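Engineer: Here it is: the structure, laid out below.
The values are calculated or read from the model by the stated rules, or taken from the named source; none is laboratory data. Computed from a predicted structure; not experimentally measured. Here Cβ is always computed from backbone atoms with ideal geometry, including for glycine, and neighbour counts include all displayed protein chains. Just so you know, the surface numbers come from the protein's heavy atoms only, side chains and all, with ligands and any DNA or RNA stripped out. Shrake-Rupley method; radii C 1.70, N 1.55, O 1.52, S 1.80 Å.
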Amino acid sequence: MAIGFTYIFRVTRVFHIAHGGVYVAGAVALWWMLSKTNNWAVAVLFAITVTAIMIWLIEKAIYLPINKRQSNQSILLVASLGLYVAIVNTLALLFGNEDKIIGNSISGSFVIGNIILTKVQLIQVAFGIIATATVTVILKLSKSNLTFQSISDNESISKVLGINTEKERLKVFISGSMLALIAAILKTIEVGVNPQSGMNITLSASVVAILVSRLNILLIIAFAIALTLLQNSVEWFLNAQWKDGITFLILLLVILFRTEGIISYNLRKDTV
Amino acid sequence: MNYLLHILVILEIYILLALSANQKVGLSGLLTLAQAVFYGVGAYATAITITKFGFTYWLALPSAILTCMLSALLFSFVAGKVREFYFSLATLALQIIFFSVVYNWISVTRGSYGITGISNPEISGLNINTPGSFALFGGVWVLVVILFYVWFLKTPLCRLIQATRDDEIEVLSLGKNPKYYKKISIILSSIVAGIAGSIYATYTTYIDPTSFTLDESILILSIVLIGGAGRIIGPITGAAIYILLPEFLKFLQLPEGIAANMRMILFGLLLVLIVRFKPKGIFGKYLIQ
């Protein structure tokens, strides 16, 4: 989630809160098709198709036209909030507000010393590593990271240099959404999904996007792990309800005192 | 009849909230995602002073306003440090921090249990405890706030606030301090939101943190953007659309559960369409871009 959100935010300037809606829509699409066909391959393909069409429509019909108007980022944020509200409530209307559980046959656990790991958790870790490694390799081999960095730094100059920014934007949105879909599927097989479950994970991902201003996957992963550890420590030592408060207190302090992010390029004063 | 009066009271509360957000968004250009914080501060300050200290409404209200003004100073600090998108982001963070604090500070706010037994206001021994009397009471507050803004929009101070919104450097070149005008705007906005919070707390006689969430802040901002920022009529129209939309949906004979989701779907889509095609909103004066 953090990799997808950070790339989308840094390349397209959209603080894509609707990412939470896309996350839930993908998971619900998988759950629905699985309940109809009981075939994982068909269900995953269906979820991929729904997610891709959805994000394509969002970019082409909403974000891109607003971006062409040279609107500031707050307007894109408002549009994204509106989309999120519409998506989540549409899903609640069509499928209900209750948790959608996937009845899977993956049960059992492993005990290593004091640590108990369920099979589902191992699958989550394995797929998480495979997905992030694949994205890293693709970005390295295709040199897309350089293109994304260029658009992130200056979209107009990137256009002058012959980069098809509209195509690259779409690429980032679709890749980010596919990563969100993977995260959604992995979470759904563990605890299920409901229409509201996309917001918290998206907000956590957004904190990473602000803390890390560079398009560097390893840094994003490191910050995502650090944030998750912090959130779990807060949950362990205080209680679960302080988790969001502490996370966003860090975000607020960074915004106020280091707007360019903790790890960033040196920026001119007027760009932050 | 009581149901219609209840709708009217809720409409009045949202008109006050929308007018308070319009002060920040429309007059100062500060796109806030934390207006529910001031609404909550007003409601909690009223509830706590009434239930814990035995204040009457008329003593609780100034305490609520004062607490809102103190919170507004924190927001002014944020507004002085960051601008535009990062201001919106900072307010989003403040909103989530506020919810966490209210939810967890059980000794003061009673957390998720909420505060019960908030007494109704009294005027000359007359207890305001029916939907009809509350509709009248809320209506008077709405009228007072509208009349204030009719006057305020014509004042030189308001013109300076708007000038700060349009061009901070120009205001600086006139020898004025833009931060000062932002601070005034945020304080005024917090007072109106605090009044709405105090009315809400005494009307429902029970409050809990779920009424002051990020969703509520998004809703208040949406009401202003849909109705149109910068004028008095815009926020009132936005609030009327939001409150009357489910009543309209009832004519389509949609079940209650569906109507609630339908309202939010239509409102979300309306917000997207307004931002996409009519950034000034329905009756707006200030182009948010």
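Engineer: Can you tell me which condition B:Val102 does not meet? The list is (1) within 14 Å of chain A (Cβ to nearest Cβ); (2) out of contact with any Pro (no Cβ under 7 Å at 6 or more places or on another chain), and all the others hold.
Structural biologist: (2) is the only condition that B:Val102 fails.
Listed here are the residues, each with its yes/no results for (1) open to solvent by less than 50 Å² (accessible area, probe 1.4 Å); (2) farther than 14 Å from A:Thr12 by Cα.
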site: A:Asn164; (1), (2): no, no
site: A:Val172; (1), (2): yes, no
site: A:Leu179; (1), (2): yes, yes
site: A:Ile185; (1), (2): yes, yes
site: A:Asn194; (1), (2): yes, yes
site: A:Ala205; (1), (2): yes, yes
site: A:Phe223; (1), (2): yes, yes
site: A:Gln231; (1), (2): yes, yes
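Engineer: Continuing with the same structure: Here is a check on your reading of the model: is B:Asn177 of a type outside the set (A, V, I, L, M, F, W, C), in contact with a helix residue (DSSP H, G or I) (Cβ under 6 Å, 6 or more places away or on another chain), without any contact (Cβ under 8 Å) to a residue 40 or more places away in the chain and surrounded by fewer than 23 Cβ atoms within 10 Å (Cβ to Cβ)?
Structural biologist: Taking the combined requirement at face value, the residue does not satisfy it.
Engineer: Moving on to the next point. Does B:Thr210 qualify as being within 14 Å of chain A (Cβ to nearest Cβ) and surrounded by fewer than 23 Cβ atoms within 10 Å (Cβ to Cβ)?
Structural biologist: yes
Engineer: I would also like to ask the following. Look at B:Pro235 and say whether it is farther than 16 Å from B:Leu19 by Cα and either open to solvent by less than 10 Å² (accessible area, probe 1.4 Å) or within 13 Å of chain A (Cβ to nearest Cβ) (or both).
Structural biologist: No.
Engineer: Of all residues in region B:80-132, which are open to solvent by 80 Å² or more (accessible area, probe 1.4 Å) and closer than 26 Å to B:Asn177 by Cβ?
Structural biologist: B:Lys81, B:Arg83, B:Glu84
A quick yes/no check of all residues on (1) open to solvent by less than 40 Å² (accessible area, probe 1.4 Å); (2) farther than 15 Å from B:Gly227 by Cβ; (3) more than 10 Å from chain A (Cβ to nearest Cβ):
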{"position": "B:Leu249", "(1), (2), (3)": "yes, yes, yes"}
{"position": "B:Gln253", "(1), (2), (3)": "no, yes, yes"}
{"position": "B:Ile265", "(1), (2), (3)": "yes, yes, no"}
{"position": "B:Leu269", "(1), (2), (3)": "no, yes, no"}
{"position": "B:Pro279", "(1), (2), (3)": "yes, no, no"}
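Engineer: Moving on to the next point. Contact list please: Cβ distance under 6 Å, first residue in region A:105-122 and modelled with pLDDT under 80, second residue open to solvent by 80 Å² or more (accessible area, probe 1.4 Å), pairs at least six apart or on different chains.
Structural biologist: A:Ile106/A:Lys119; A:Gly108/A:Lys119; A:Ser109/A:Ile116
Engineer: Only one of B:Leu27, B:Leu5 is surrounded by fewer than 23 Cβ atoms within 10 Å (Cβ to Cβ) and touching a helix residue (DSSP H, G or I) at 6+ places or on another chain (Cβ under 6 Å). Can you tell me which?
Structural biologist: Sole residue among the options that is surrounded by fewer than 23 Cβ atoms within 10 Å (Cβ to Cβ) and touching a helix residue (DSSP H, G or I) at 6+ places or on another chain (Cβ under 6 Å): B:Leu5.
Engineer: Against the definition (over 25 Å from B:Leu225 (Cα atoms) and within 14 Å of chain B (Cβ to nearest Cβ)), how does A:Asn72 come out, yes or no?
Structural biologist: Criteria not met by A:Asn72.
Engineer: Test each condition in (1) away from chain B (no Cβ under 14 Å); (2) of a type in the set (Val, Ile, Thr); (3) in contact with a Leu (Cβ under 7 Å, 6 or more places away or on another chain) for A:Val208 and report the one that comes out false.
Structural biologist: (1)
Engineer: What about B:Phe53, is it within 20 Å of the chain's Cα centre (by Cα) and of a type outside the set (A, V, I, L, M)?
Structural biologist: no
Engineer: It is to be established whether one or more residues within region A:211-226 are of a type in the set (A, V, I, L, M, F, W, C) and within 14 Å of chain B (Cβ to nearest Cβ).
Structural biologist: For region A:211-226, residues of a type in the set (A, V, I, L, M, F, W, C) and within 14 Å of chain B (Cβ to nearest Cβ): present.
Engineer: Another question about this same structure. Only residues that are at the interface with chain B (Cβ under 7 Å from one of its Cβ atoms) and either closer than 22 Å to B:Arg83 by Cα or out of contact with any Asp or Glu (no Cβ under 9 Å at 6 or more places or on another chain) (or both): list them for region A:75-100, please.
Structural biologist: Correct list: A:Ile75, A:Leu77, A:Val78, A:Ala79, A:Leu81, A:Gly82, A:Leu83, A:Ala86, A:Asn89, A:Thr90, A:Ala92, A:Leu93.
Engineer: For residues that are of a type in the set (Phe, Trp, Tyr) and open to solvent by less than 70 Å² (accessible area, probe 1.4 Å), tally how many sit in region B:63-79.
Structural biologist: 1
Engineer: Take B:Val150 and tell me if it is more than 30 Å from B:Asp208 (Cβ to Cβ), open to solvent by 40 Å² or more (accessible area, probe 1.4 Å) and not in a loop (DSSP other than H, G, I, E, B).
Structural biologist: Taking the combined requirement at face value, the residue satisfies it.
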